[in-house]
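A.B. asks: The structure under discussion is supplied below as structure tokens; questions concerning it will follow.
The values are calculated or read from the model by the stated rules, or taken from the named source; none is laboratory data. Model, not experiment: these values are computed from the prediction. Virtual Cβ from ideal backbone geometry, glycine too; neighbours counted across all protein chains shown.
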Amino acid sequence: QQSLYRLELIDPNNPDVVAARFRSLLRQGDIDGAQKQLDRLSQLAPSSNAYKSSRTTMLLSTPDGRQALQQARLQATTGHAEEAVASYNKLFNGAPPEGDIAVEYWSTVAKIPARRGEAINQLKRINADAPGNTGLQNNLALLLFSSDRRDEGFAVLEQMAKSNAGREGASKIWYGQIKDMPVSDASVSALKKYLSIFSDGDSVAAAQSQLAEQQKQLADPAFRARAQGLAAVDSGMAGKAIPELQQAVRANPKDSEALGALGQAYSQKGDRANAVANLEKALALD
């Protein structure tokens, strides 16, 4: 209270100082006094985060506000995202909430497919404005991965890994994203990147073992050719894939997956005869 009093003497019109007095009065149960501070904030800085979060706090301090919030949360957790968002919008008079409630609001909006991109960008904005919320970062990373925005997802996890509270969760999500990659130079690079950031835990031990095994496999020329050929086909690089897969098939003529991929590579090049021949061989082996 003394510190707040001194701040009010020094900088009485600072929105953050007015918001602090608002919260103090609200905690004391002085609703009228808190409302006066909120009205003052609306005049001083109507577009500030201090005003928006104070308005949200005031809304949720009433029994009706708390009940409406519980209703929105219930709808969100039972799979009724659109109804939940409508309830949030009604509670906050059509304006998206600020502060902690903003994270749950936009996380709910993200469950609506048509609005997922908008919600992700809002969650990214909140994370940039107030980093350190590991729950937000966890949810944001998963949303980015599920939206095929992998580089952005890893960037959020790297940020999350810098805090003690978020490090273990970030490690598990990160390893979960790379552990099933087909063996290739790319998978080795991904494991090395992961191990450059994380140094302990069950996922780290698994990654170290997996990296050693993959490096051993890729030291075999036939295995490397097969791995690179399969990766090239998946990337639509038929010219690179064909010689690699031919080498793999020479090493193991009964490798139906390599034969099928070779057929696909010929198809990508427009060589129908070789495509059909290799696909028929693959089918005969399956």
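A.B. asks: Answer yes or no as to whether ALA207 is touching a residue at least 24 places away in the same chain (Cβ under 8 Å), over 18 Å from the mean Cα position of the chain (by Cα) and not assigned by TED's automatic domain parsing to the domain that holds LEU144.
C.D. replies: Numbers: touching a residue at least 24 places away in the same chain (Cβ under 8 Å): yes; over 18 Å from the mean Cα position of the chain (by Cα): yes; not assigned by TED's automatic domain parsing to the domain that holds LEU144: no.
In short, no.
A.B. asks: Mind listing whichever residues of region 205-221 are part of a helix (DSSP H, G or I) and of a type outside the set (S, T, N, Q)?
C.D. replies: Within region 205-221, ALA205, ALA206, ALA207, LEU211, ALA212, GLU213, LYS216, LEU218, PRO221 qualify.
A.B. asks: Right, next: Do you know which residues across region 111-155 are loosely packed, with under 14 Cβ neighbours inside 10 Å and among the hydroxyl-bearing types (Ser, Thr, Tyr)?
C.D. replies: Correct list: SER146 only.
A.B. asks: Residues in region 59-73: is at least one surrounded by 18 or more Cβ atoms within 10 Å (Cβ to Cβ) and either touching a Gly at 6+ places or on another chain (Cβ under 7 Å) or not aliphatic (A, V, I, L, M) (or both)?
C.D. replies: Yes, some residue in region 59-73 is surrounded by 18 or more Cβ atoms within 10 Å (Cβ to Cβ) and either touching a Gly at 6+ places or on another chain (Cβ under 7 Å) or not aliphatic (A, V, I, L, M) (or both).
A.B. asks: To continue, here is another question. Condition first: at pLDDT 95 or above and of a type in the set (D, E, K, R). Now tell me which residues in region 97-124 satisfy that.
C.D. replies: Listed by number, the residues that qualify are LYS111, ARG115, ARG116, GLU118, LYS124.
A.B. asks: Where in region 54-119 are there helices (runs of 4 or more DSSP H), lying wholly inside it, with at least 2 residues that are aromatic (Phe, Trp, Tyr), under 26 Å from ALA19 (Cβ atoms) and outside the structural domain of SER146 (by TED's automatic domain parsing)? Quick ask: steps written out before the conclusion?
C.D. replies: Numbers: elements: 63-77, 81-91, 100-109.
Qualifying helices (runs of 4 or more DSSP H): 100-109.
A.B. asks: Residues of region 250-280 being crowded, with 18+ Cβ neighbours inside 10 Å and not hydrophobic (A, V, I, L, M, F, W, C), which ones? Write out each step before concluding.
C.D. replies: The first filter runs over region 250-280 and keeps only residues crowded, with 18+ Cβ neighbours inside 10 Å, leaving 255, 258-266, 275, 278-279.
The answer is ASP255, GLY260, GLY263, GLN264, TYR266, ASN278.
A.B. asks: Being under 20 Å from ASP202 (Cα atoms), buried (at least 19 other Cβ atoms within 10 Å of the Cβ) and not aromatic (Phe, Trp, Tyr) narrows it down to one residue among SER163, SER107, SER187; which is it? Steps first, answer last, please.
C.D. replies: Details: SER163 fails: buried (at least 19 other Cβ atoms within 10 Å of the Cβ); SER107 fails: under 20 Å from ASP202 (Cα atoms).
Result: SER187 is the single residue among SER163, SER107, SER187 that is under 20 Å from ASP202 (Cα atoms), buried (at least 19 other Cβ atoms within 10 Å of the Cβ) and not aromatic (Phe, Trp, Tyr).
A.B. asks: I would also like to ask the following. Condition first: free of Cβ contacts under 8 Å to residues at least 24 places away in the same chain, within 24 Å of ASP129 (Cβ to Cβ) and of a type in the set (A, V, I, L, M, F, W, C). Now tell me which residues in region 73-97 satisfy that.
C.D. replies: Scanning region 73-97 gives no hits.
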